[in-house]
Amino acid sequence: MHGTGFWWIILSLALYGVLHSLLASLRWKAWVRRWIGAPHFDRFYRLFFNLIAAVALLPSLALVALLPDEKIYTVRFPWLVLTALIQLLALLGLAVGVMQTGGANFLGLEQLFNPEKAAQPRQFVNDGLYRWVRHPLYFFSLLILWLFPVMSWNTLAFNIGATLYLTIGSWFEERKLLHEFGEQYAAYRRCT
């Protein structure tokens, strides 16, 4: 392995994962809802969550960019074309997955500008990409990460950390979805 930078990147992603999972947890959300009140919570929390998630990821990305690094491999032509095409399709899949669950809602903008709709329960989505994969956003994110054409020790550390986070995060997400949608999600999970 390439020095301590490798482990600093993984540690930074582990800290990111703890913060992200805490802010997404039902217990934390219930506490914040009681503290600031339901109308304000429902209107602002998703946008706040996304902003914190984006800012909290910056230190990990900075470590990847700034720590000393060494290239492991570079994907060359013609394989570069294939990996780039798959990454492009995965990026498209990410966009479609977000749009299927409501892009403005996912970003927190719908809640901000249409609080009445934000107060309504979420709709269970099991068609489109969700018909084939329970977590298409995680799946497509992993494709993009692991098909990056230049792999260095820092990139490898980031990819390992992100893969662990997404794997653990999917377990937490499954628990939340079971709590929110009950038997409907349990039946979906058995066949998808």
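Size descriptors for the chain (Cα atoms only): Rg and Dmax, in that order, 18.5, 56 Å. Applying the Karplus relation 6.51 cos²θ - 1.76 cosθ + 1.60 with θ = phi - 60° to the stretch 24-33 yields 3J(HN,Hα) values of 8, 6, 5, 5, 5, 4, 5, 5, 5, 4 Hz, where x marks Gly and Pro.
In this structure, the amide hydrogen of S152, modeled 1.01 Å from its nitrogen in the peptide plane, lies closer than 5 angstrom to those of I72, counting only residues at least 5 positions away or on a different chain.
Whole-Hz Karplus values for the stretch 93-104 come out as x, 4, 4, 5, x, 5, 5, 5, 8, x, x, 5 Hz, taken residue by residue from phi with 6.51 cos²θ - 1.76 cosθ + 1.60 and θ = phi - 60°; glycine and proline positions read x.
Here's the picture: charge each Lys and Arg Cβ at +1 and each Asp and Glu Cβ at -1 in the stretch 1-88, and of S12, W31, P78 the one pushed furthest to the positive end of that dipole is W31.
Computed over the alpha-carbon pairs of the stretch 30-119, the distance histogram in 10 Å steps reads 14, 25, 29, 19, 10, 2 percent, short to long. Taken about its Cα centre, the chain carries a charge dipole of about 360 debye when Lys and Arg each add +1 at the Cβ and Asp and Glu each add -1 at the Cβ. Within the stretch 64-163, the ratio Rg/Rh, alpha carbon atoms throughout and Rh by Kirkwood, equals 1.11. What a 1.4 Å probe finds exposed on the stretch 2-42 is 74% carbon and sulfur by accessible area, rounded to a whole percent.
When the alpha carbon coordinates of the stretch 137-192 are projected onto the principal axes, the ranges are 44, 17, 13 Å, largest first.
Rounded to the nearest Hz, the phi-derived 3J(HN,Hα) couplings of the stretch 142-156 under the Karplus curve 6.51 cos²θ - 1.76 cosθ + 1.60 (θ = phi - 60°) are 5, 4, 4, 4, 7, 9, 4, x, 10, 10, 10, 5, 5, 5, 4, where x marks glycine and proline. Surface exposure of the chain, expressed per residue as accessible area with a 1.4 Å probe, stands at 63 Å².
The values are calculated or read from the model by the stated rules, or taken from the named source; none is laboratory data. Note that the coordinates shown come from a computational prediction; the quantities given were computed from them, not determined experimentally. Cβ: placed from backbone, ideal geometry, glycine included. Neighbour counts: every protein chain shown. The area values use the complete protein model at the heavy-atom level, side chains included, leaving out ligands, DNA and RNA. Shrake-Rupley method; radii C 1.70, N 1.55, O 1.52, S 1.80 Å.
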